[in-house]
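> This is the structure, below, for whatever I ask next.
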Amino acid sequence: LTRINKLDDFIKSPLAVVCHDAGAAHLIVHWLEKYNNNIFACMEGPARKIWNSKFPNTRLFSINEAISNANVLLSGTGWASNIEHASRIEAKKRGINSIAVIDHWTDFQGRFIRNNEEILPDQILVSDDYAEELAVKYFPKTLITQLPNLYLKNIVDKVLEIKRNSTHSLIKRILIVTEPFRSKLSKDDKDIEHIAIEYFFNNIDKINTGGNLEVKIRLHPSEDREKYKYVDVAYPEIKISYSYNHALSKDLGWAELVVGCQTFALVAALNCKIPTISILPPEIECPLPHKGILRLRDL
């Protein structure tokens, strides 16, 4: 178990970086911002947009090109694609040191399994004590390293600046941070995220609002813009708007309460000292270990 301050402390250049999902991409680009050695990046999905926003003039490579040029692989561990898993297979074949980033607090083992094949990295990077504890538990033979979460620090700094002069006792502005699940609740064959959002609206009276309520729905980067539009019709008495491409810090700066299922944005809100509630339906336990995130079912 190691704790270090920056990637340069232990990564031998040149470095291959392979990423698809947004979570790990946000961590990685903030860690690499001041990295001065050679990088060969393969970015797909939401990660590509995040990478290009920080490194607009860098060429992107295929997995094979990136790894064949590198001494070390740094990969994400998202569920929405197989490219990160494929890169770890390739690194193992070539005997290249493989480092993987776990950016969340759920499904640690499943991140490294595709088609019943588990490919573990040589080293796992996490960014807080909770993830570190879980990683040590699930991967006792793998080197676990914790780096500071510079992405989260950046968000908190911006939000605290926005909120510097705001004082409200009653909650009038609620931000819903959504996320796609890969599973349904069997009893009514609905996606969990839709059940959760309906559970929230049907129990909104549990929250101490001062009337004239505004609800903003912030969609996950991988979700379609129309996914939750039905709530406009279902709850016409509530003023509902949508956030698609805003910086997370901007939406958190607007909010007086943040609700969601188990997304990283809840942890960001908590760190910004904004009241935070998981709206997962009562039969599903919220897996986030962070003290301070309330459960709607317990209110």
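> To the nearest 10 degrees, how steeply does helix 150-162 sit against the main Cα axis of the chain, on a 0 to 90 scale?
Helix 150-162 and the main axis of the chain meet at about 30 degrees.
> How would Ile192, Ile63 line up by accessible area, probe 1.4 Å, largest first?
Accessible-area ranking of Ile192, Ile63, largest first: Ile63, Ile192.
> Where does helix 129-138 land angle-wise versus the long Cα axis of the chain, in degrees 0 to 90, nearest 10?
Orientation of helix 129-138: about 60 degrees from the principal axis.
> Select from Leu160, Leu170, Leu125 the residue whose mean-square fluctuation is largest in a Gaussian network model of the chain (Cα-Cα springs shorter than 10 Å).
Evaluated over the chain, the most mobile residue of the options is Leu170.
> Identify the chymotrypsin sites (Phe, Trp or Tyr not before Pro) of region 229-299 meeting these criteria: DSSP loop state and at most 10 other C-beta atoms within 10 Å of the C-beta. Could the numbers behind the result be given before it?
Values: sites: Tyr230, Tyr242, Tyr244, Trp254, Phe264; in loops: Tyr244.
Those that pass, being in a loop and sparsely packed, are Tyr244.
> Right, another one. Over the chain, what percent of the accessible surface lies on carbon and sulfur atoms, probe 1.4 Å? Write down the numbers at each step before the final one.
On the way: 6940 of 14420 Å².
Carbon plus sulfur share of accessible area: 48 percent.
> Once ligands and nucleic acids are excluded and a 1.4 Å probe is used, how much of Asp129 is accessible, expressed in Å² to the nearest 10?
90 Å²
> Now, a different point. Expressed as an acute angle from 0 to 90° and rounded to the nearest 10, what is the orientation of the C-alpha long axis of helix 22-32 relative to the principal long axis of the chain?
Tilt relative to the chain: about 50 degrees.
> Quick one: of the DSSP bridges fully inside the chain, what percent are antiparallel, nearest 5? Walk me through the intermediate numbers first.
Values: 4 of 47 bridges.
So the antiparallel bridges amount to about 10 percent of the total.
> Same structure, new question: Please compute the per residue accessible area over the chain with all protein chains in place, 1.4 Å probe, rounded to a whole number of Å². Could you put the intermediate results ahead of the total?
Numbers: 14420 Å² over 299 residues.
Accessible area per residue, the chain: 48 Å².
> Please check: in the Gaussian network model of the chain (C-alpha springs, under 10 Å), which one of Ser278, Ser243, Ser87 has the largest mean-square fluctuation.
Highest fluctuation of the listed residues: Ser243.
> Tell me the trypsin sites (Lys or Arg not before Pro) within region 122-206 that lie in a loop according to DSSP and have at most 14 other beta-carbon atoms within 10 Å. Walk me through the intermediate numbers first.
Working: sites: Lys137, Lys141, Lys153, Lys158, Lys163, Arg164, Lys172, Arg173, Arg182, Lys184, Lys187, Lys190, Lys206; in loops: Lys141, Lys163, Arg164, Arg182, Lys187.
Answer by residue number: Lys141, Arg164, Arg182, Lys187.
> In terms of solvent-accessible area of protein heavy atoms at a 1.4 angstrom probe, what is the ranking of Thr58, Thr276, highest value first? Can you show the working numbers first?
Numbers: Thr58 65, Thr276 0 Å².
From most accessible down to least: Thr58, Thr276.
> Compare His246, His104, His194 in a GNM of the chain, Cα atoms joined below 10 Å, and give the one with the largest fluctuation.
The residue with the greatest mean-square fluctuation here is His246.
> Give the residue list of GluC sites (Glu not before Pro) in region 185-219 that are DSSP loop and have at most 14 other beta-carbon atoms within 10 angstrom. Spell out each step's value before the answer.
Numbers: sites: Glu193, Glu198, Glu214; in loops: none.
Hits after loop and neighbour filter: nothing returned.
> Need one word for region 1-98: rounded, prolate or oblate. Basis is the Cα gyration tensor (sqrt eigenvalues a ≥ b ≥ c); a/c below 1.5 gives rounded, then a/b vs b/c decides.
Working: a/c = 1.25, a/b = 1.01, b/c = 1.24.
Rounded, since a/c falls under 1.5.
The values are calculated or read from the model by the stated rules, or taken from the named source; none is laboratory data. Computed from a predicted structure; not experimentally measured. Neighbour counts are summed over all protein chains in view; Cβ atoms, including those assigned to glycine, are modelled from backbone coordinates with ideal geometry. These accessible areas exclude ligands, DNA and RNA; they are computed on the full protein's heavy atoms, side chains included. Shrake-Rupley method; radii C 1.70, N 1.55, O 1.52, S 1.80 Å.
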